[in-house]
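Trainee: Please read through the structure below; I'll follow up with questions.
The values are calculated or read from the model by the stated rules, or taken from the named source; none is laboratory data. Keep in mind the model is a prediction, meaning the values are calculated, not measured. Cβ coordinates were reconstructed from backbone atoms using ideal geometry, including for glycine residues, and neighbour counts include every protein chain displayed.
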Amino acid sequence: MTNSKYVDLRSDTVTLPTQEMREAMYRSEVGDSMRGEDPTMNRLEALAAEKLGKEAAIFVSSGTMGNLVSIMAHTDYGDEIIFEADHHSYYYEVGGYASLRGLAPRIVVGNHGVMAPEEIAAAIRGTSPYFPTTRLLVIENTHNRGGGNALTLEEVNSMTEVARKHGLSVHLDGARIFNAAVALGVDASEIAKFADTVQFCLSKGLSAPVGSMVAGSKELIERAAHFRKIVGGDLRQSGVLAAAGIVALEKMVDRLADDHHNAFLLAQGLKEIPRISVDIPPNPTNMVFINTDELQMDGTQFLNKLRGQNILAVAYGPTRVRLVTHRHIDEEGVQRATQAVERIVSEV
């Protein structure tokens, strides 16, 4: 828990594997996973597909790779894909879909990650020799830059209905889909059912050391596996990594509620501090975003002052700062972070 010098709120990606994961990795039975001969990887892929209610799943080394191969599986060279303006693939994944697949992004501005159905419809290109073909709608749940918002089933349904009406496929960047499921009180498969492919991370709040999963129909997963090979993502005795992923899915999902609780406590504490504004989305999870405008201090200055108080966070804009709770943050860590911000504000 929070027993180190620093309270590390930069991301839930800083989580370390549990002792049970380390022991499972040590004991894992392995084989050549590229040939389908790694029994532990085969078990993880079957488990991931079952958890999301899909026919098949494959392991990829990262969420970025998972989103990339999924997008490639749905599209032809030169197609257009619709992103929400703050979507992770559009914002943080180096434009791989453009450089490797020649795809054009079409942007819809949403609200905490939720796109209005009429805005999606307006973004879909008609048939014309002047336009690329709109092929895919990409949704993110939970939505990172949207404050960690968990999009509801009704919201996701309303967006995907428009896509289906116009013949588009749907990919869900569900890096934190289990956070969304816990926050909404539903099974992850209820969120995943609206999408043709879903990517989720094992190495964030679920605490595995490496990896993400892509789930979907057998046909789409075969296509995704083809593109995984193209980008160098095939592995050999990957059951060593899969063993930790199995523990993550079997043991680490329900405890995400603790992270949400601690994020709630952090948000409530920060709300009481003058000149600090807290962005609380409709369905918060394990993220807290604050704004330092009223302090007349940019994000970098604020982060440096936080680090001086042994608190780590990240900037998400000139005056926007993100703090993320995870397995290594307890109520003591929340209190330390809140007190650090109070001290910084009192000195300004």
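Residue-wise test of (1) in contact with an Asp or Glu (Cβ under 7 Å, 6 or more places away or on another chain); (2) part of a loop (DSSP other than H, G, I, E, B); (3) farther than 18 Å from residue 263 by Cα; (4) not assigned by TED's automatic domain parsing to the domain that holds residue 287.
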residue: 304; (1), (2), (3), (4): no, no, yes, no
residue: 307; (1), (2), (3), (4): no, no, yes, no
residue: 317; (1), (2), (3), (4): no, yes, yes, no
residue: 321; (1), (2), (3), (4): no, no, no, no
residue: 326; (1), (2), (3), (4): yes, yes, no, no
residue: 334; (1), (2), (3), (4): no, no, no, no
residue: 338; (1), (2), (3), (4): no, no, no, no
residue: 342; (1), (2), (3), (4): no, no, no, no
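Trainee: Identify, by number, the condition in (1) assigned to a loop (DSSP other than H, G, I, E, B); (2) buried (at least 20 other Cβ atoms within 10 Å of the Cβ) that residue 282 doesn't meet.
Mentor: So residue 282 meets the others, but not (2).
Trainee: Could you please tell me which pairs satisfy a Cβ distance under 6 Å, a separation of 6+ or placement on different chains, a first residue in segment 279-293 that is free of Cβ contacts under 8 Å to residues at least 60 places away in the same chain, and a second residue that is buried (at least 19 other Cβ atoms within 10 Å of the Cβ) and part of a loop (DSSP other than H, G, I, E, B)?
Mentor: What qualifies is 290/276; 291/319; 292/319; 293/319.
Trainee: Go through segment 308-348 and give me each residue that's more than 18 Å from residue 146 (Cα to Cα) and in contact with a Phe, Trp or Tyr (Cβ under 8 Å, 6 or more places away or on another chain).
Mentor: Scanning segment 308-348 gives 310, 311, 312, 344.
Trainee: To continue, here is another question. Which residues, taken from segment 289-342, are hydroxyl-bearing (Ser, Thr, Tyr) and surrounded by fewer than 15 Cβ atoms within 10 Å (Cβ to Cβ)?
Mentor: Passing the criteria: only 300.
Trainee: Sort out which residues of segment 158-190 are polar (S, T, N, Q), within 22 Å of residue 212 (Cα to Cα) and surrounded by fewer than 21 Cβ atoms within 10 Å (Cβ to Cβ), and write them in order of number.
Mentor: Result: 189, single match.
Trainee: A follow-up question, please. Of everything in segment 60-104, what is assigned to a loop (DSSP other than H, G, I, E, B) and buried (at least 24 other Cβ atoms within 10 Å of the Cβ)? Give them in sequence order.
Mentor: If the condition is that a residue be assigned to a loop (DSSP other than H, G, I, E, B) and buried (at least 24 other Cβ atoms within 10 Å of the Cβ), then 87, 103 are the ones that fit.
Trainee: Inspect segment 127-149 for any residue being surrounded by fewer than 20 Cβ atoms within 10 Å (Cβ to Cβ), of a type in the set (A, V, I, L, M, F, W, C) and without any contact (Cβ under 8 Å) to a residue 40 or more places away in the chain and give the result as yes or no.
Mentor: No - not one qualifying residue is present in segment 127-149.
Trainee: What is the number of the single condition among (1) under 18 Å from the mean Cα position of the chain (by Cα); (2) among the β-branched types (Val, Ile, Thr); (3) surrounded by fewer than 24 Cβ atoms within 10 Å (Cβ to Cβ); (4) farther than 13 Å from residue 47 by Cβ that residue 253 does not meet?
Mentor: If we test residue 253 against (1) under 18 Å from the mean Cα position of the chain (by Cα); (2) among the β-branched types (Val, Ile, Thr); (3) surrounded by fewer than 24 Cβ atoms within 10 Å (Cβ to Cβ); (4) farther than 13 Å from residue 47 by Cβ, just (4) comes out false.
Trainee: With the structure loaded, tell me whether residue 155 is buried (at least 18 other Cβ atoms within 10 Å of the Cβ), out of contact with any Asp or Glu (no Cβ under 6 Å at 6 or more places or on another chain) and in the same structural domain as residue 88 (by TED's automatic domain parsing) or whether it fails that test.
Mentor: Criteria met by residue 155.
Here's the yes/no breakdown for (1) farther than 24 Å from residue 213 by Cβ; (2) at pLDDT below 95; (3) outside any helix (DSSP H, G or I); (4) basic (Lys, Arg):
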residue	(1), (2), (3), (4)
43	no, no, no, yes
54	no, no, yes, yes
58	no, no, yes, no
106	yes, no, yes, yes
129	yes, yes, yes, no
138	no, no, yes, no
145	no, no, yes, yes
